[in-house]
Amino acid sequence: MGTVHAKSLDPLPMHGRDLDVHPEDFMETPDQGQDSKQEILENKDVVVQHVNIQGLGRTKEDLLGYEISDVFHAKNLIDVMKRAHVARQRLLRLGIFKDVEVLIDTSEGTDALPNGLDVTFEVTEVKRLTGSYNTMVGNNEGSMVLGLKLPNMLGRAEKLTFQFSYGTKETSYGLSFFKPQPGHFERNLTLNMYKVTGQFPWSSLKETDRGVSAELNFPLGVTNHTLKWEGVWRELGCLARSASFAVREESGHSLKSALSHTVSVDSRNSAIFPSRGALLRINQELAGYTGGDASFLKEDFELQLNRRLFWDSVLSASLWGGMLYPIGGQPSCIADRFYLGGPTSVRGFGMYSIGPQSEGDYLGGEAYWAGGLHLYTPLPFRPGKGGFGDLFRTHFFLNAGNLCNLSYGDGPRAHLQKLAECIRWSYGAGIVLRLGNIARLELNYCVPMGVQSGDRICDGVQFGAGIRFL
């Protein structure tokens with residue numbers, strides 16, 4: 001909760017060492033007026049007369065008014081402390097303070113009321129320039145990340161960030177500017193400039209993207225929305241001399257300008273090991289109407305349901321799906337299609353090694369679906385219960401899915417029939433390790449089934465690391 005000081009008050013029926021109230025503080029015999037004031041504060045309503053903020057440097061006071069104004073609405077001392085704690089959390093969420101302490105005292109001065117209180121927030125601002133070094137885990141890849149940040153750049157929680165990332169399959173650097181709406185931190189605007197170079201060995205393809213984007217995030221009821229525009233100059237090339245003619249045909253430069261919208265509802269209690277709740281995420285992308293030579297409509301969704309069973313076991317079901325529709329008679333680009341297979345989706349198959357391929361290079365598809373059913377249980381005999389052992393789970397899984405290209409003139413029934421053909425599926429068991437609340441590692445024994453000609457399988461032990469798992 002941080003440090004909350006309550007001065008000139010007798011001990012109240014509250015718990016926690018953060019109150020900084022000690023019996024020896026009250027050994028002196030108070031006068032009759034002080035006794036009366038304490039009785040009022042303990043047993044009757046109070047009024048928060050003043051809220052002060054100490055320690056401000058470059059931060060604008062009008063920004064903080066939105067975050068602490070709710071403290072004035074408190075009706076009693078317990079309510080004051082609860083609202084002060086919430087206000088402290090809101091101030092820390094801005095990312096501009098290293099520490100925030102709260103001091104609650106009786107009001108003094110000529111305008112002081114018998115039941116008046118003053119609340120003071122003592123803040124310590126973060127430095128003007130900060131640096132960071134860390135490692136990140138992506139979908140079956142890792143990277144080293146170096147960053148420089150200018151937090152609270154203009155005094156209203158803005159942030160300018162430069163980041164360089166060097167990974168096993170991708171190297172990138174970019175500059176971003178973040179601006180939240182005062183009083184509504186969840187509503188924010190992000191502007192980005194970046195360059196990303198990636199290698200995709202399953203397709204014998206390398207891609208360099210140079211782009212700019214603008215992203216607006218905002219909540220609406222129980223949903224969260226993201227509106228994004230992205231303009232990117234893409235350069236595709238062959239990763240090896242043995243690349244197939246289909247991949248060489250895709251090589252060259254292209255310009256994509258796309259608008260996208262993402263809506264999500266997430267009631268899970270954890271992103272990595274949820275034991276209850278559900279997730280629904282729907283994304284739409286429209287390219288070509290704001291310029292560029294890539295024209296398509298792309299839709300995809302993700303659904304996950306979780307339910308706790310007996311003995312701390314959890315049953316989890318997931319369903320993914322998507323479709324890409326080229327516009328204007330142009331064929332879709334290999335960089336825009338969907339890919340399926342690997343330890344993060346349909347286990348037991350090689351990374352993105354399901355579906356259309358040419359001479360061993362996987363070309364992706366314009367439609368796909370994938371489903372998974374998992375039973376998560378604690379480790380046998382519960383070693384390290386309550387500590388390190390809680391980072392691990394055993395799981396039994398059943399995955400299935402398909403990826404293909406569609407003939408859009410055939411109608412929905414033909415599309416569903418094609419997606420239902422040649423279903424790949426697998427089952428197995430393994431151990432899962434949670435890395436914070438961001439990523440996880442899996443070590444599984446997989447049995448692939450429904451293997452089609454051209455699919456690359458991983459029969460037996462398979463290792464996976466990522467942030468998004470089926």
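The values are calculated or read from the model by the stated rules, or taken from the named source; none is laboratory data. Here the structure is a predicted model, which means the values were calculated and not measured. Methodologically, a virtual Cβ is constructed for each residue, glycine included, from the backbone with ideal geometry; neighbour enumeration extends over all protein chains shown. Ligands, DNA and RNA are excluded from the accessible area calculation, which covers all protein heavy atoms including side chains. Shrake-Rupley method; radii C 1.70, N 1.55, O 1.52, S 1.80 Å.
Based on DSSP H segments of at least four residues, each scored -39500 (n - 2.57), the chain has a per-residue ellipticity at 222 nm of -3000 deg cm²/dmol. Model label points for residue 263 and residue 75, set 7 angstrom from Cα along the Cα-to-Cβ axis, are 3.7 nm apart. Site pair residue 382 and residue 280 shows an inter-label distance of 3.6 nm when each label is modelled 7 Å from Cα along Cα→Cβ. Reported value for segment 47-125: 85 Å³ per residue, from the convex hull of its C-alpha atoms. So how tilted is helix 32-43 from the main axis of the chain? Cα-based, degrees 0 to 90, rounded to 10. For 32-43 against the chain, the angle is about 30 degrees.
Using the Cβ-Cβ distance between residue 210 and residue 396 with R0 set to 45 Å, the FRET efficiency works out to roughly 0.50.
Based on Cβ point charges of +1 for Lys and Arg and -1 for Asp and Glu, what charge dipole magnitude is obtained for segment 219-272 about its Cα centre, in debye rounded to the nearest 20? Kindly include the intermediate steps, with their values, before the conclusion.
Details: 6 positive and 5 negative charges, 14 e Å.
Roughly 60 debye for segment 219-272.
The fraction of Cα-Cα pairs per 10 angstrom bin, counted from 0 for segment 109-225, comes to 11, 27, 29, 18, 7, 4, 2, 1 percent, rounded to whole percents. Answer rounded, prolate or oblate for segment 219-301, using the Cα gyration tensor with square roots of eigenvalues a ≥ b ≥ c: rounded when a/c is under 1.5, else prolate when a/b is larger than b/c, else oblate. Because a/c hits 1.5 or more and a/b fails to exceed b/c, segment 219-301 counts as oblate. Dividing the C-alpha radius of gyration of segment 271-379 by 2.2 N^0.38 Å, with N its residue count, gives 1.33.
For the chain, what's the relative contact order in percent, using C-alpha pairs closer than 8 Å and at least 6 residues apart?
Working: 1154 pairs, mean separation 40.5, N = 470.
9 percent.
As a test, work out the antiparallel percent of DSSP beta bridges whose residues both lie in the chain, rounded to the nearest 5. Show your work: numbers first, answer last.
Working: 176 of 186 bridges.
The antiparallel fraction comes to roughly 95 percent.
Placing +1 on the Cβ of every Lys and Arg and -1 on the Cβ of every Asp and Glu, with no other charges, gives the chain a dipole of roughly 1660 debye about its Cα centre.
Hey, for a label at residue 171 modelled as a point 7 Å past Cα toward Cβ, could you say which residues of segment 205-231 have their backbone N under 18 Å away? Under cut-off, by backbone N: 205-211.
Compute the longest continuous run of the chain that contains no exposed GluC sites (Glu not before Pro); treat a site as exposed when its DSSP state is not H, G, I, E or B and it has at most 13 other Cβ atoms within 10 Å. Working shown, then result.
Details: sites that count: 28, 108, 359, 421.
Here the longest segment lacking exposed loop sites spans 109-358.
Taking R0 as 22 Å, what FRET efficiency do you get between residue 45 and residue 86 from their Cβ-Cβ distance, rounded to the nearest 0.05? Once rounded, the FRET efficiency stands at 0.70.
FRET efficiency for residue 414 and residue 453, Cβ-Cβ distance as r, R0 = 25 Å, nearest 0.05? Present the calculation step by step, with values, prior to reporting the outcome.
Working: r = 22 Å, r/R0 = 0.88.
FRET efficiency, residue 414 to residue 453: 0.70.
Largest first, the residues 424, 434, 241 sort by 1.4 Å accessible area into 241, 434, 424.
Database remark: amide H of residue 470 closer than 5 angstrom to the amide H of 345 (H placed geometrically; neighbours at sequence offset of 5 or more, or on other chains; Pro and chain starts carry no H). The long axis of helix 77-93 is offset from the longest Cα principal axis of the chain by roughly 40 degrees.
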